[in-house]
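Read the figures in this text as sums done on the coordinates, not as results from a lab. No experiment lies behind these values; they were computed from the predicted model shown. Don't worry about glycine lacking a Cβ; one is built from the backbone with ideal geometry, like all the others, and counts go over all protein chains shown.
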Amino acid sequence: MGGIDGKLGPIRKGLLEFLILKIVSTNTVYVADILKRLSETEFATQEGTLYPLLSKMRRENLVDYEWKESEVGPPRKYYTLTAKGKSQLAELNQYWKQINSTVNQLGS
Amino acid sequence: MRQVIIVSLNNNAYHFDEDAYSDLRRYLRRAQSGLKNNPDMSEILADIEHSIAEKCAAGLNAAKNVINRQDITRVLHEVGPVVADPLADEDEEAATETAVPRRLCRQPDGGMLYGVCSGLAEYFGMNVVVVRIIFLALLMFNGLGGVIYVLLRIAMPTAEAAGGETAQRTHPLVLAMAAVLVVFAAMAILPMLSSGIDGDILVSTLPGSAPSRGFWAGRTWMGSVAALAGVFYLVILGVVIAVGAALVKFLLSRARTR
């Protein structure tokens, strides 16, 4: 298992940012929402990974957040895509489709 | 009676017992040192703190308002180690991977006998087979491996029994006891080896050996004394194990109730 996972790990890692852009684009989300949506997939991750990544994406001006009151407990950060984030998502989507068809074309 | 430490997380006060507090502090320190070159360090730490606070709050109610080591272990496990650069190579990531506190525990499920070797292997990050070979090799020295194994079997809590409790604090004690035991065992074994060699073995291999003749006559006599002494040493060793294990257990229980 270790051998194949060594090859799959980098692929997952490379796609994580793309998927986060996708998730944030559908709604205004809170970190727990992102974790929950990813938890049902191969891309399950944790706060310890997600927060540093979101901070980096915010520094690159792809996402932004605002503090919102929650029904329970202290206010939370809700993330949204910036214009730059939206255009990067569109580019990544385009590229992903391209890669997909290339992979499919090159045989089974 | 246990002392609690009041911690402010995300502008709310939480009661931690000492163990839980030390675990949380260690986790946050590691996160901080892992992020020291990250421009978003303070923001990430604040976010992580926020998550920890939320998860801690979820486990509390009117009947339970102190966070213990078991709670914080669960929370930190959920939050996961802080990865400074999630898109970097595995190697760099592995450096920060050990953020969840390690404990020296027996693992009966993963073990062949009582899970001592498998617990040690996990604690020291070694292959369990290597640990077992070391124990088997030590067994050659008049059962030294067995002696150490028995002591550790008694002194090490199981992973479940520890339940995130105190084991981190007590492990130097266990190791110290093991070290004392090794010294005792070595003291017992070395005289047996040397007296055994110039007593019994040499005499029997001497050409035409007649124990009653000359210099070696006294030696055979000493050889049998050495054999008796060997038995004596084993008895002493047994007493040392029993006393050592009892002492470790006593100190463990005292550390817990303090």
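Miscellaneous remarks
- Entries in A:36/B:36; A:22/A:56; A:36/A:86 that, when Cα-Cα distance is taken, lie over 24 Å: A:36/B:36
- The listed peptides B:4-10, A:5-11, B:78-84, ordered by packing as a protection proxy, come out as B:78-84, B:4-10, A:5-11 (highest mean of other Cβ atoms within 10 Å first).
- FRET efficiency, residue A:105 to residue A:22 (Cβ-Cβ, R0 30 Å, nearest 0.05): 0.80
- Amide hydrogen proximity for residue A:30: with H placed 1.01 Å from N in the peptide plane, the residues at 5 or more positions away or on another chain lying under 5 Å are A:79.
- Each residue of region A:28-38 is assigned a 3J(HN,Hα), and the resulting list reads 7, 10, 9, 3, 4, 5, 4, 4, 5, 5, 6 Hz, derived from the Karplus form 6.51 cos²θ - 1.76 cosθ + 1.60 (θ = phi - 60°), x at Gly and Pro.
- Residue B:105 long-range amide H proximity, modeled H, under 5 Å: none
- For region B:1-81, the extents of the C-alpha atoms along the principal axes are 41, 20, 19 Å, listed from largest to smallest.
- The mean count of C-beta atoms from other chains within 10 Å of the C-beta of residues in A:24-37, rounded to a whole number, is 1.
- Rounded to the nearest 10 degrees, the angle from helix A:47-59 to the longest Cα principal axis of chain A is 90 degrees.
- Residue by residue along B:40-53, Cβ atoms of other protein chains within 10 Å of the local Cβ number 4 on average.
- Taking the square roots of five times each eigenvalue of the Cα gyration tensor of chain A, the equivalent ellipsoid has semi-axes of 28, 18, 11 Å, listed largest first.
- Dipole magnitude (debye, nearest 20) for region B:1-83, charges at Cβ of Lys, Arg, Asp, Glu: 260 debye
- Averaged over peptide A:49-61, the number of partner chain Cβ atoms lying within 10 Å of each residue's Cβ comes to 6.
- Pairs beyond 24 Å (Cα-Cα), from A:7/B:55; A:77/A:97; A:13/A:97; A:7/A:97; A:13/B:55: A:7/B:55; A:77/A:97; A:13/B:55
- C-alpha center-to-center spacing [region A:13-43, region B:45-68] in angstrom: 24 Å
- Under 11 Å, Cβ to Cβ, from residue B:117 - net charge with Lys/Arg +1 and Asp/Glu -1: +2
- Coil-residue GluC sites (Glu not before Pro) of region A:69-99, DSSP, other Cβ within 10 Å capped at 15: A:69, A:71
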